[in-house]
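Trainee: Supplied in C-alpha cells, the structure appears directly below.
The values are calculated or read from the model by the stated rules, or taken from the named source; none is laboratory data. Please read all numbers here as calculations on a predicted model, not as lab measurements. Cβ coordinates were reconstructed from backbone atoms using ideal geometry, including for glycine residues, and neighbour counts include every protein chain displayed. Keep in mind that these areas ignore ligands, DNA and RNA; they rest on the heavy atoms of the full protein, side chains included. Shrake-Rupley method; radii C 1.70, N 1.55, O 1.52, S 1.80 Å.
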Amino acid sequence: MLRIHFTGNDLAGVRTAARPDVLWETILSFHRLRDRRGPVVFGEWRSETRMRLGGETRLLAALVPSRGYFPDFLTPAEGVNGLDEGLQAIRATTSGRLRGELSLLAADRSGGRTVPHSLRALADGGAEPFDRLVGALRSYQRAAVEPYWPHILARVEADRARRGRALLDGGAEELLASLPPMLRWRAPVLEADYPVDRDVHLDGRGLLLQPSYFCRGTPVVLRDPALPPVLVYPVTHGEAPTVRPPGGSSLAKLVGQTRSTVLHAIGDGGTTSELARRAGVSLASASQHAGVLREAGLIATLRHGNAVLHTLTPLGAALLGGTQRKADLRCYARNGPVTS
C-alpha cells in the first residue's frame, strides 16, 4: 500500500505537470515493452517498436528491471522540458548519488545475482559509461516513444483538462478525488495499491501530478524522500498509440476527416494551439475548423487572456459519444473488454 500524507500547505501546492515527461514515458514504456499485458492498447506498439530496436536494450535492461526499483536519476524533473534537457540532467548526476542508487538497485536484484559489468562501470564514473547510457536512452526513445508523441501528448492533455475541471469545481481535494480508481483520496491521505508498503510525507512541499501514457496499473513515486515529490499515474486509454490518427469513421463521413479529428481533439477542452497540435494541423486550419464547429453548435468558445478555450457543447459531446460507443462495441466484439 502507498500512502501519501498531506498537510494544508500540501493541498495548496498540488499541481499537474504542464506536459508529458519524456523520460518517464521512455522508462515506463520499457516496462510495457517486456510485459504482455494490455494487448489492445500496447500490442501493435510493441510489435512496431521491437522492429526498430537494436542493442540499446541490453544496458537499459540492467538499469530498469522488469519489476521493482529502478534508479531515480533516470527520471529527473527536467524531463518535462524535453529529451535534451532531461539527458543533460542525467549527465549531471553526482557520483555519490549515482553510487548510492546503483547500490540500491544491486541490493534489490532478486536471487543475489552479480551486478552487471555495465553497472559497475557506470558507478565508477567517467565519461564513457555515461555516453553509452545517454546514447542508449536517446536511441530507445527515438524508436519507442518519439513516433507516437502526438498521440501521447493528446492523451495527457485530455487528462490535464479533466483534472483542471475537477480543480475548478471543488478545489484540490476534488482534484485528488478525480484521479484514476487505483488512487483513493481519504483525507488527508491519498492511498493506492502498491508493490511494497510505503508512506510518503510531503511536509509542505506539495505534490506534482504527472499523467503518463505508459504508466499502467499502479502509480509510481520516487524512492528518495528528499527529492521533490512527484506522483506518476496512468491516463485513461481509449485507443492504441498510432503514428497517424485513424480515419474512416462515420463522423468523418458526416463532417469530413480533418474536422472530425479537430472535434475529437477538443476532448475535455483546449486552446486553438492545443487543437492544432493534437490534430496535427496548422494553427490557421484549427481555427477555421473550430469556427465551423462552433457555428454548427458542436463547440463553445470562451476567451481566456490572449487565448481562446474551446469546449464541447452537449450536442457535440452526444455526437462524439455515439461514435465512440460504436467503436467500443466493434473493439469489444474483436478483442473483448478494453483494458490497459
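Trainee: Can you find even one residue in region 280-288 that is touching a residue at least 24 places away in the same chain (Cβ under 8 Å) and within 17 Å of Ala158 (Cβ to Cβ)?
Mentor: Yes, the conditions are met somewhere in region 280-288.
Trainee: Scanning region 194-215 for residues that are buried (at least 20 other Cβ atoms within 10 Å of the Cβ) and not aliphatic (A, V, I, L, M), which turns out nearest to Arg67 (Cα to Cα)?
Mentor: Out of the qualifying residues, it is Cys215.
Trainee: Considering region 151-186 alone, what residues qualify as being of a type outside the set (Lys, Arg) and open to solvent by 70 Å² or more (accessible area, probe 1.4 Å)?
Mentor: Leu167, Leu168, Asp169, Glu173, Glu174, Pro181
Trainee: Taking into account only those residues within region 220-266 that are in a loop (DSSP other than H, G, I, E, B), of a type in the set (Gly, Ala, Ser) and open to solvent by 30 Å² or more (accessible area, probe 1.4 Å), which is modelled with the highest pLDDT? I'd like the intermediate steps shown before the answer.
Mentor: Residues of region 220-266 in a loop (DSSP other than H, G, I, E, B): 222-229, 235-249, 256.
Restricting the remaining residues to those that are of a type in the set (Gly, Ala, Ser) gives 226, 238, 240, 247-249, 256.
Subset that is open to solvent by 30 Å² or more (accessible area, probe 1.4 Å): 226, 238, 247-249.
On the way: Ala226: 94, Gly238: 57, Gly247: 43, Gly248: 44, Ser249: 52.
Once the filter is applied, the top-ranked residue is Ala226.
Trainee: Give the residue that is nearest to Leu153 (Cα to Cα), with candidates limited to residues of region 21-58 that are modelled with pLDDT of 85 or more and aliphatic (A, V, I, L, M).
Mentor: Going through the qualifying residues, I end up with Val22.
Trainee: OK, next. Please note which helices (runs of 4 or more DSSP H) are completely contained in region 6-89 and include at least 3 residues that are within 18 Å of the chain's Cα centre (by Cα) and over 23 Å from His201 (Cα atoms). Outline the logic, then answer.
Mentor: Working: elements: 8-12, 22-34, 39-52, 57-63.
The helices (runs of 4 or more DSSP H) meeting that bar are 22-34, 39-52.
Trainee: Continuing with the same structure: With the requirement that a residue be over 27 Å from Pro195 (Cα atoms) and open to solvent by less than 30 Å² (accessible area, probe 1.4 Å), what does region 94-108 give you?
Mentor: Of everything in region 94-108, nothing turns out to be over 27 Å from Pro195 (Cα atoms) and open to solvent by less than 30 Å² (accessible area, probe 1.4 Å).
Table: residues versus (1) in contact (Cβ under 8 Å) with a residue 60 or more places away in the chain; (2) open to solvent by 10 Å² or more (accessible area, probe 1.4 Å); (3) of a type in the set (A, V, I, L, M, F, W, C).
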{"site": "Arg3", "(1), (2), (3)": "yes, yes, no"}
{"site": "Ala17", "(1), (2), (3)": "yes, no, yes"}
{"site": "Phe30", "(1), (2), (3)": "yes, no, yes"}
{"site": "Arg34", "(1), (2), (3)": "no, yes, no"}
{"site": "Val41", "(1), (2), (3)": "yes, no, yes"}
{"site": "Trp45", "(1), (2), (3)": "yes, no, yes"}
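Trainee: Inside region 139-150, can you point out the residues that are at pLDDT 80 or above, touching a Lys or Arg at 6+ places or on another chain (Cβ under 9 Å) and surrounded by fewer than 22 Cβ atoms within 10 Å (Cβ to Cβ)?
Mentor: Scanning region 139-150 gives Arg142, Ala143, Pro147.
Trainee: Select from region 101-130 the residues that are farther than 30 Å from Val41 by Cα and not in a helix (DSSP H, G or I) and write down the one among them that is modelled with the highest pLDDT.
Mentor: Asp124
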